[in-house]
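A.B. asks: After the structure tokens below, expect a handful of questions from me.
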Amino acid sequence: MRAFAVTPREPGSGRLISLPAAEVRPEEVLVRLRLVGLDATDQEINAGAYGQAPPGEDVLVIGHESLGEVVRAGADVASLGEGDRVVATVRRPDGCLNCRAGEYDMCLEGNYTERGIKGRHGYLAEHYAEEERFLVKVPRELGDLPVLLEPASVAEKAVRIAYDVQGRLAWEPRTALVTGSGTLGLLTAALLRLRGLEVVVADRSDNDYKAGILAVLGAAHVNTRQVNLHDIPRRLGQQLDMIFEETGSSSVALHAMSVVGTNGVVMLLSVTGGDKRIEICADCLNQGLVLGNKAVVGSVSSHRRDFERGLQDMAEAERRWPGLLARLITARYGLGEVPQALAAMRENIKVVVQV
Ligand SMILES: [Zn+2]
């Protein structure tokens, strides 16, 4: 079968390769890919920043946001059959306390693997085989939308954890700021609107297309080239109860900690792989966090329950804003055009590959 693979750590090495057909064990199903979404992780792996081939191999098939259809189920598979649509989760457990409890996203020892990223092939291929327990069945009525389920699950986890953390106090949040307006930022804004919050999305652009999406969601937009993050609470006329930092910038993350309101929570989601240094008033930042009872929490990957909640919210979003989520998918390429697809990400929201 055809697949798109990189030689890890070799910049721009991504190319189509031919792999043997996937073998299917009794507890596995064989899935034919329909769509694979690309994100910054795929770009960074193709640029040679990180990525790890499966043991004993020298190439890594990339792609971790998938939507596929079951072709064949192994003899021991109970809940899936031919024709079912599925989205696969990404992380696979090691033997640590949390992984044993099914919380792979909270892995303690870091020896987990991730499909398309770390030690396991991803989904940019014609087929893959996977165990039933790592697959989430998705309703056919949602069409292509579940290709957004993996990033939606990452947003769901962050929202879930924010509310869990705030179980520490009597809390009636009214406002949320989302920094960054990529797929993750827009999905987070949608989830927060579904939960009834007043939402501001801050980015560094005036993109009419995104503005149209935010207008339908009923979320406000702030261009941080013109408005400082610190001025947002004053403009809103109320404090920010939650901030979700999704820009990819560590300096924005530090700003968020000083902008969030009393008793507020900041969720940090940007994986910043560089070594950027900035000068800050450490005393001011620390004092603000302490005197404001503020919580700052990092969040990565997602739990299976976040995929399941993501599906519910996707269906709810379709009822409330019909056709809106489909507008996040702005470009489609074939499996033979992945380099072009990766290059097109800058001027798109979500680029998908049709397998
Ligand atoms: Zn673990």
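A.B. asks: With respect to the numbered conditions (1) of a type outside the set (F, W, Y); (2) open to solvent by less than 10 Å² (accessible area, probe 1.4 Å); (3) farther than 23 Å from F4 by Cβ, which one is the sole condition not fulfilled by R160?
C.D. replies: (2)
A.B. asks: Just the residues that are aliphatic (A, V, I, L, M), more than 6 Å from the ligand (Cβ to nearest atom) and open to solvent by 30 Å² or more (accessible area, probe 1.4 Å), please, taken from the stretch 90-110.
C.D. replies: Result: L97, A101, M106.
A.B. asks: Would you list the helices (runs of 4 or more DSSP H) that sit entirely within the stretch 164-261 and hold 3 or more residues that are surrounded by 19 or more Cβ atoms within 10 Å (Cβ to Cβ), at pLDDT 95 or above and on the phi < 0 side of the Ramachandran plot?
C.D. replies: 183-194, 208-217, 250-259
A.B. asks: May I ask you to list the residues in the stretch 315-338 that are surrounded by fewer than 16 Cβ atoms within 10 Å (Cβ to Cβ), of a type in the set (D, E, K, R) and touching a helix residue (DSSP H, G or I) at 6+ places or on another chain (Cβ under 8 Å)?
C.D. replies: Across the stretch 315-338, the qualifying residues are E316, R320.
This table checks each residue for (1) open to solvent by 50 Å² or more (accessible area, probe 1.4 Å); (2) touching a Phe, Trp or Tyr at 6+ places or on another chain (Cβ under 9 Å); (3) within 16 Å of the ligand (Cβ to nearest atom); (4) of a type in the set (G, A, S).
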{"residue": "Y112", "(1), (2), (3), (4)": "no, yes, yes, no"}
{"residue": "H127", "(1), (2), (3), (4)": "yes, no, no, no"}
{"residue": "L145", "(1), (2), (3), (4)": "no, no, no, no"}
{"residue": "E150", "(1), (2), (3), (4)": "no, yes, no, no"}
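The values are calculated or read from the model by the stated rules, or taken from the named source; none is laboratory data. Everything quoted here is computed from the prediction, not taken from an experiment. Ideal geometry is used to build each Cβ from the backbone, glycine not excepted, and the neighbour counts take in all protein chains shown. All accessible areas refer to the heavy atoms of the entire protein, side chains included, with ligands and DNA or RNA removed. Shrake-Rupley method; radii C 1.70, N 1.55, O 1.52, S 1.80 Å.
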